[in-house]
Structures are given as C-alpha cells and as structure tokens.
Amino acid sequence: MSTPDDIRHLVRGGWNETANTYGHDQPRLFQRFGDRLLEWMALAKRAVVLDVGAGTGILTVRAAEQVGERGYVVGADLSAGMLAVAREASRAPGLARTDYAQMDAEHLGFPANVFDAVICAFSLFQFVDMRKALAEMVRVLKPGGQVGLSNWWRGNFSPVGGLQRDLFRQFGLRRLLTNSPTFELGALQALLEEAGLAEVRLEAETVDVSFENPEAVWQYNVRMGPFAAMLRQQLSASQREALHAQFVRMVGEIASPDGVRCTFHPLYALARKP
C-alpha cells in the first residue's frame, strides 16, 4: 500500500516526465479555464500573488500580466521539470516580477500574511492532505486577501470519463491520488470555510470540447502526470499496450466524423481571509 510520501514521489515524477508535453492538449483547455478564474478574481494592480501548483506557469504568466509591472507573482510547484518550463515562459517583456519555487503545497516556505491573493488551479485534489494545503494558503495570505480555486465538478469529462473508469476497473487499476478529482459545491464550500475562509462564492461551468480522434483523448490522459505514473506502477508494458488499444477502440465507438465530443465541468471558487 502506498504511503503519502510514496504518492508525492510518484506525482512529482509523473509531472517531471510530462513537463515538456503538458499543455499541448487541444484546444488548450487549461489556459481557457485559467483566464476565466483570473477574470473572476480581478487581481489588483501591484498585487503580490502566489500561484500554488503552478505547473508550467500558464496561470502565473497570466497573473503577472494582470497585476502589472509593479506587481509580483510567485509560482510554486512540487515538480522541478514543470518549473523549468515555466521559467522559460516567464521571460516575456512587460510582466510583473515573477519567481518560481519548488515546494510542497502542504509546506509553503513563506512567512505568514504576505500575499494579497493565492491562486490554485486544478491542483487541490492532487495534494495528499488538502486541508493542510488550504491551511498553508490561508496562513500566507494577508487578512482581507482572496483565494481563487478551480476544480472539477461532478460529471466532468463525460461521456469518456465514465467509460474509462469502467475500463480501468477491468484492468484492476487503482486510483493513485487519494482524493476524488471532482467536488460537490456544498462539500467544497464546507472545506473552504473549515480552513477559515469567508465570503465563499462558487460557480460551475459546462464546456463542450471536441478532440480530433480517440488517440487525442488518450494523449490528453497520458499528459496528466499522475495518470502516466499510475500506469507504470500498476501495469506491465504488455498490459499498458492492451489498455491503450482497448481505450482507443472504446472511444472510437462514440466518435463522430467531427471527432470525440466531451463535456467538461470546471468549478470555480473565490473566498476571502477575514
């Protein structure tokens, strides 16, 4: 049975391995969802911002554009590989001063009460101890500062999500991450309030996306670091090949001449530290 440290090690290794291909999914979903979160947060000029689970820095750069040249943005992530890609992306002129730090979200290496805003996009469920990670975000946030989160809502990635869960069960795959990747609105609100946040606002979206073909859907999965790590940990090479082939056949049955249509349900949350 995997320990919390084992899971952290596998997640970090998975993201390191996929760092150079992450974000190549069509049509760049996470940039779109990140822009929506920042639009909702409306970061102030000159703000000091922390992006937790920054990955390749897509949202870090967007935040740096929003706060202006006199602002300051820090991107924190567990994966050195992802941060290496992020640093390259942050060299564009006209951005706020931007730094990156490799660290675990459950142990943020910053003093208390230093950031005007904390962003965490599609990362909360990947932290082994979500409550500890949220407590750290609240600790480093100034009183009156805001936390902006994006997560997934129930029914996300349908109809492929349900089909692939059944297929993974057939192959005996066990989920690597200990937390569900989707949240109910009430449960997420309770989690934020338990962390000491107030004025919680939630908003769910429905976004239809077409992938070019079944192989593109598979590649979307593989570019998610924990997924690739899970396959390597639990299946032999021949089993992985068989799973891949069966996945492509299965998704091909629901494809149309226009591709594979999937529905995503991003869930946004905004809350304030009293």
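Side notes on the structure shown:
- Looking at Gln189, Gln246, just one residue is part of a helix (DSSP H, G or I), exposed (fewer than 15 other Cβ atoms within 10 Å of the Cβ) and either touching a residue at least 60 places away in the same chain (Cβ under 8 Å) or aromatic (Phe, Trp, Tyr) (or both), and that residue is Gln246.
- Long-range neighbours under 6 Å by Cβ, at least six apart or interchain, first residue touching a residue at least 60 places away in the same chain (Cβ under 8 Å) within segment 110-125, second in a loop (DSSP other than H, G, I, E, B): Asp116/Ala47; Ala117/Leu43; Ala117/Ala47; Cys120/Gly53; Ser123/Gly53
- Of all the listed residues (Arg175, Arg165), the sole one being assigned to a loop (DSSP other than H, G, I, E, B) and either modelled with pLDDT under 95 or among the aromatic types (Phe, Trp, Tyr) (or both) is Arg175.
- Within segment 249-271, the set of residues being touching a Ser or Thr at 6+ places or on another chain (Cβ under 8 Å) and surrounded by 15 or more Cβ atoms within 10 Å (Cβ to Cβ) comprises Gly259, Val260, Arg261, Cys262, Thr263, Phe264, His265, Pro266, Leu267, Tyr268, Ala269.
- Selection status of Gln31, modelled with pLDDT under 90, assigned to a helix (DSSP H, G or I) and either among the hydroxyl-bearing types (Ser, Thr, Tyr) or under 29 Å from Val260 (Cβ atoms) (or both): yes
The values are calculated or read from the model by the stated rules, or taken from the named source; none is laboratory data. Just so you know, these numbers come straight off a predicted model, no measurement behind them. Neighbour counts are summed over all protein chains in view; Cβ atoms, including those assigned to glycine, are modelled from backbone coordinates with ideal geometry.
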